[in-house]
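Here's the structure we're looking at; comments come further down.
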Amino acid sequence: MGRGRQKAKQTKVARALKYYSPETNYSALEQELTGHSHTDVVTDSRHGGESADELESLDQRYNEWSDDR
C-alpha cells in the first residue's frame, strides 16, 4: 500500500473512533456506582475457595519472588 492510501486509511479509522458514541445504559451504570445487588455474585475462578490467610501467604510468596529480580 502506498503512503497516501495508508494515511487515508489511518485518517478514516481515527475519525471513526473520534466520533463513535455507543449507547449508554444508565440503569446499569447507576447500579454499578451504587453497589452490587444481592443477585450479583463476584467470583474469581483463579482462587477456588481459599481463605484470606491462604491468599495472603500466596501474595507474600509472589512478592518475595518478584523482589528477587
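None of the figures in this text is laboratory data; all of them are computed from the coordinates on show. Predicted model, so just to flag it, every value in this text is computed and none were measured. Virtual Cβ from ideal backbone geometry, glycine too; neighbours counted across all protein chains shown.
Highest average first, the peptides 11-21, 54-64 ordered by how many other beta carbon atoms sit within 10 Å of their residues are 54-64, 11-21.
Our estimate of slack between ARG61 and LYS12, defined as 0.36 nm per intervening residue step minus the Cα-Cα distance, is 12.8 nm.
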